[in-house]
Amino acid sequence: MDSLFIPLVILIAVIAGVLLLMRSFRKRSAETKAGVAAASSPKDPVQLAKESAAKLNEEQHRRLYSLIAQGQGMAAIKLYLQATGEGLRASRDAVGALAAHPQPFKPEAQPKDLLSDDDDGPERFPYRYRAIVSKGDVTREVSSNMLNDEIYGRIRTLAKSGDVEGAALALTRHSDITIKQAREFIELLED
């Protein structure tokens, strides 16, 4: 019996050590996963687009949106990566956010007295936005640099809620079409 006691104590000590090591590794693994999840938690895409656009100068901004409009996503990512020096994943996310939520170019520092206070006209964007609707053989298109996804979404919401006149007025305000053309466009949106 005495001869079994020492190996039994050693076996219990080894099992206890292994259990403590496993517990320690699980705890570290959970902390690492929590840290990675917190670090990689996705930002608000609109906020990411605003922050990303602010990192570009006017020429880079124009070229980036030109590449996005041409469907050259990889070239746009490469341009953003070279312009900002961020990593590949951050550049990919930034270009995706900029494509989904277009941002106008805003110079970094403009003195207050040089900024115009007239909010009468809509904001002009450095790219052309195209909205196309069709029903059967009838197709209508509006192309304007005063439209973006957000404005067009509001116009669609007005049309879907039955406010055809309000949607048509909003569309004419943000494009260069007549009220008649806007009504025809909105009528196709309603269905």
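The values are calculated or read from the model by the stated rules, or taken from the named source; none is laboratory data. Treat the numbers as computed from the prediction; the structure is a model and nothing was measured. Virtual Cβ from ideal backbone geometry, glycine too; neighbours counted across all protein chains shown. Accessible surface is based on the protein model in full, side chains and every heavy atom, while ligands, DNA and RNA are left aside. Shrake-Rupley method; radii C 1.70, N 1.55, O 1.52, S 1.80 Å.
Could you please give the count of residues in segment 138-149 that are small (Gly, Ala, Ser) and crowded, with 18+ Cβ neighbours inside 10 Å?
Let us first name the residues in segment 138-149 that are small (Gly, Ala, Ser), namely 143-144.
Then keep just the ones that are crowded, with 18+ Cβ neighbours inside 10 Å; that gives 144.
Here the count works out to 1.
May I ask you to verify whether residue 152 is of a type in the set (Phe, Trp, Tyr), modelled with pLDDT of 85 or more and either farther than 30 Å from residue 187 by Cβ or open to solvent by 100 Å² or more (accessible area, probe 1.4 Å) (or both)? I'd like the intermediate steps shown before the answer.
Values: of a type in the set (Phe, Trp, Tyr): yes; modelled with pLDDT of 85 or more: yes; either farther than 30 Å from residue 187 by Cβ or open to solvent by 100 Å² or more (accessible area, probe 1.4 Å) (or both): no.
In short, no.
Would you mind telling me which numbered condition in (1) modelled with pLDDT under 85; (2) open to solvent by 90 Å² or more (accessible area, probe 1.4 Å) residue 107 fails?
For residue 107, the failing item is (2).
Out of curiosity, is residue 186 open to solvent by less than 60 Å² (accessible area, probe 1.4 Å) and assigned to a helix (DSSP H, G or I)? Show your work before the answer.
On the way: open to solvent by less than 60 Å² (accessible area, probe 1.4 Å): yes; assigned to a helix (DSSP H, G or I): yes.
For residue 186, the condition - open to solvent by less than 60 Å² (accessible area, probe 1.4 Å) and assigned to a helix (DSSP H, G or I) - is met.
Need pairs with beta-carbon distance below 6 Å; first residue closer than 20 Å to residue 127 by Cβ and of a type outside the set (A, V, I, L, M) and within segment 87-107, second part of a loop (DSSP other than H, G, I, E, B) and modelled with pLDDT under 90; sequence gap 6+ or separate chains.
102/148; 104/125; 105/126
Quick test of your reading of the structure: residue 57 fulfils all but one of (1) within 21 Å of residue 125 (Cα to Cα); (2) open to solvent by less than 40 Å² (accessible area, probe 1.4 Å); (3) at pLDDT 90 or above. Name the failing condition by number.
(2)
Of all residues in segment 46-66, count the ones that are basic (Lys, Arg) and touching a Pro at 6+ places or on another chain (Cβ under 7 Å).
Keep residues of segment 46-66 that are basic (Lys, Arg), which gives 50, 55, 62-63.
Adding the requirement that they be touching a Pro at 6+ places or on another chain (Cβ under 7 Å) leaves 62.
Adding up the residues that qualify gives 1.
Check off (1) open to solvent by 20 Å² or more (accessible area, probe 1.4 Å); (2) of a type outside the set (A, V, I, L, M, F, W, C); (3) out of contact with any Lys or Arg (no Cβ under 8 Å at 6 or more places or on another chain) for residue 175 and give me the number that stays unchecked.
For residue 175, the failing item is (1).
Inspect segment 33-48 for any residue being surrounded by 17 or more Cβ atoms within 10 Å (Cβ to Cβ) and either touching an Asp or Glu at 6+ places or on another chain (Cβ under 6 Å) or at pLDDT 90 or above (or both) and give the result as yes or no.
Yes, there is a match, as at least one residue in segment 33-48 is surrounded by 17 or more Cβ atoms within 10 Å (Cβ to Cβ) and either touching an Asp or Glu at 6+ places or on another chain (Cβ under 6 Å) or at pLDDT 90 or above (or both).
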